[in-house]
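Asks: Below is one structure. I have some questions about it.
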Amino acid sequence: MAAKKTSKKSGAASAAADAESINENLGRRVKKLRGDRGWSLEELAAASGVSRSMLSEIERERANPTLSVTYRIARAFGLSLQDLIESADCASSIQIIRADDRAQIFRSDKQCQIRTLSPLNLEKDVEFYEVRLPVGGALRSQAHVDGTREFLTVEEGAVELVSGTSTEALAKGDSATYRVDVAHSIVNSGRREALLFLVVIYR
């Protein structure tokens, strides 16, 4: 019986150590992700619905947040709960965006569906999208910040690309690079759904 009690105590101590390690790692990850985004604590609080004071305590590794709080922080960064709390020692250097991750759907309506293929924390640095345009569908955008460009590859279908006063027709396999610091649009000009891969690079 004594051996069993020792085993339980050892297991409890191990669980406590694991929990402490997770909390420490969580604080570091939240602070880094917030820094990568250029967010203040107030901005993260607004995005997550978690109070500024709680976020501050988490980043300083002084809090033991509930699962609900941790989940809300993860969603604010566009991450799964597992991605946010995984241990630094065993975290893979490969970041995966799963095909069924609904958090990556940027837009979905009758005109187009846009799925983000790049990590959300890279927003306003490099953005990579899968774009689907139904027959007659279009993606129309106002000018981005000065110096911004897009790289487009047509995987399926045909589109009309407009950048400022320039217009080009693109078919399957064609690629284009163009300014998007002017009004621009991509219109499905074919008789089937168009599948595109789009990269946005900010200066």
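Asks: Right, Ile58: crowded, with 20+ Cβ neighbours inside 10 Å and either assigned by TED's automatic domain parsing to the domain that holds Val126 or closer than 27 Å to Phe106 by Cβ (or both) or not?
Replies: The answer is no for Ile58.
Asks: Is it fair to say Ala47 is part of a helix (DSSP H, G or I), at pLDDT 85 or above and either of a type in the set (A, V, I, L, M, F, W, C) or more than 26 Å from Asn188 (Cβ to Cβ) (or both)?
Replies: yes
Asks: One residue is enough: does segment 23-31 have a residue meeting the conditions within 30 Å of Leu139 (Cα to Cα) and modelled with pLDDT of 75 or more?
Replies: No, segment 23-31 has no match at all.
Asks: Suppose we filter segment 177-193 for residues that are touching a residue at least 40 places away in the same chain (Cβ under 8 Å), over 17 Å from Thr165 (Cβ atoms) and out of contact with any Lys or Arg (no Cβ under 7 Å at 6 or more places or on another chain); how many remain?
Replies: Qualifying residue count, segment 177-193: 4.
Asks: Taking Gly173, is it in contact (Cβ under 8 Å) with a residue 40 or more places away in the chain, at positive phi and surrounded by fewer than 16 Cβ atoms within 10 Å (Cβ to Cβ)? Working first, answer last.
Replies: On the way: in contact (Cβ under 8 Å) with a residue 40 or more places away in the chain: no; at positive phi: yes; surrounded by fewer than 16 Cβ atoms within 10 Å (Cβ to Cβ): yes.
No.
Asks: How many residues does segment 186-201 contain that are over 12 Å from Val131 (Cβ atoms) and surrounded by fewer than 16 Cβ atoms within 10 Å (Cβ to Cβ)?
Replies: So the count comes out to 3.
Asks: Hey, another quick one. Report whether or not Ser175 is within 25 Å of the chain's Cα centre (by Cα), of a type in the set (Gly, Ala, Ser), under 27 Å from Trp39 (Cβ atoms) and modelled with pLDDT of 95 or more.
Replies: Details: within 25 Å of the chain's Cα centre (by Cα): yes; of a type in the set (Gly, Ala, Ser): yes; under 27 Å from Trp39 (Cβ atoms): no; modelled with pLDDT of 95 or more: yes.
Spelling it out, it is not the case that Ser175 is within 25 Å of the chain's Cα centre (by Cα), of a type in the set (Gly, Ala, Ser), under 27 Å from Trp39 (Cβ atoms) and modelled with pLDDT of 95 or more.
Asks: Still on this structure, please answer the following. Residue under question is Thr153, and the condition is that it be surrounded by 15 or more Cβ atoms within 10 Å (Cβ to Cβ) and polar (S, T, N, Q); does it hold?
Replies: yes
Asks: Ok, one more. Looking only at strands (runs of 3 or more DSSP E) that fall completely inside segment 129-171, which ones have 3 or more residues that are at pLDDT below 95?
Replies: none
Asks: So Phe106 passes all but one of these: (1) hydrophobic (A, V, I, L, M, F, W, C); (2) at pLDDT below 65; (3) assigned by TED's automatic domain parsing to the domain that holds Pro119. Which condition number does it fail?
Replies: Phe106 satisfies every listed condition except (2).
The values are calculated or read from the model by the stated rules, or taken from the named source; none is laboratory data. What you are looking at is a predicted structure, and each value in this text was computed from that prediction instead of being measured. Neighbour counts run over all protein chains shown; Cβ positions are idealised from the backbone, glycine included.
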